[in-house]
Amino acid sequence: MLTPHYTAIEYERRFLVTAAPNLPGPAIQITDRHLAGTRVYLRNARFPDGTVVQRLCKQYAADGTASAAIAIEELTPHDFALYAHMEANVIIKRRWMVAVNGNTVAIDVFSGPLQDLVLCEVAAAVEAEILGFVAPTWAPTEVTGEPFFAGGTLAFAIPDQLNARLATISA
């Protein structure tokens with residue numbers, strides 16, 4: 001049975017990974033289809049056990065801090081297929097969930113046009129849970145406040161833009 005949709009405030013911080021740690025076991029395979037001209041995306045997540053979760057998501061604009069509202073609706077395969085025909089830019093990534101300093105973080109390794117990008121993300125429903133997060137040495141640069149590193153922007157980035165942005169940050 002699908003769960004009803006929800007809208008929630010999500011607090012998250014993102015960091016550039018410069019040297020990925022040893023990543024355990026198989027990853028979650030994620031394909032996000034960002035619908036052109038919107039803040040809406042379709043997510044297809046395939047878990048290592050074969051479970052597939054398909055969602056329609058809307059990420060609202062962040063207020064410049066670590067918070068943003070997100071609306072999520074789980075979809076049937078039929079509904080997902082209907083939306084999947086809409087014009088979209090695609091992000092493909094593998095996600096590992098790892099423990100870092102007492103927190104569970106997502107390590108996203110991107111492929112395709114974003115293949116040079118690896119991000120570490122910590123998220124929580126309560127802001128206090130992430131404010132004290134200390135990034136590991138392999139993810140030294142926080143990009144939470146950088147609009148370029150939001151999924152809705154990354155979906156439309158080309159490799160030259162990504163490489164130029166990474167060069168300015170690491171300079």
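For region 46-55, taking the residues that are open to solvent by 40 Å² or more (accessible area, probe 1.4 Å) and part of a strand (DSSP E or B), the one that is farthest from residue 95 (Cα to Cα) is identified as 55.
Assess whether residue 50 counts as being farther than 21 Å from residue 85 by Cβ and modelled with pLDDT of 85 or more. Yes. Of the residues 106, 123, only one is in a strand (DSSP E or B), open to solvent by 30 Å² or more (accessible area, probe 1.4 Å), in contact with a Phe, Trp or Tyr (Cβ under 8 Å, 6 or more places away or on another chain) and among the small types (Gly, Ala, Ser); which? Only one candidate passes the filter, namely 123.
Looking only at residues of region 11-38 that are of a type in the set (A, V, I, L, M, F, W, C) and not in a strand (DSSP E or B), we find that the one that is modelled with the lowest pLDDT is 20. Does any residue of region 79-87 turn out to be loosely packed, with under 13 Cβ neighbours inside 10 Å, in a loop (DSSP other than H, G, I, E, B), touching a strand residue (DSSP E or B) at 6+ places or on another chain (Cβ under 8 Å) and among the acidic types (Asp, Glu)? Within region 79-87, one or more residues are loosely packed, with under 13 Cβ neighbours inside 10 Å, in a loop (DSSP other than H, G, I, E, B), touching a strand residue (DSSP E or B) at 6+ places or on another chain (Cβ under 8 Å) and among the acidic types (Asp, Glu). Against the conditions (1) within 23 Å of residue 40 (Cβ to Cβ); (2) surrounded by fewer than 17 Cβ atoms within 10 Å (Cβ to Cβ), residue 129 satisfies every one except (1).
Before we move on, is residue 163 without any contact (Cβ under 8 Å) to a residue 40 or more places away in the chain, closer than 21 Å to residue 17 by Cβ and open to solvent by 60 Å² or more (accessible area, probe 1.4 Å)? So residue 163 does not fit the description; no.
All of 43, 95 fail the test of being within 22 Å of residue 135 (Cβ to Cβ), basic (Lys, Arg) and in a strand (DSSP E or B), apart from 95.
The values are calculated or read from the model by the stated rules, or taken from the named source; none is laboratory data. All values reported here derive from a predicted model rather than from experimental measurement. We place every Cβ from the backbone using ideal geometry, glycine too, and count neighbours over all the protein chains shown. Ligands, DNA and RNA are excluded from the accessible area calculation, which covers all protein heavy atoms including side chains. Shrake-Rupley method; radii C 1.70, N 1.55, O 1.52, S 1.80 Å.
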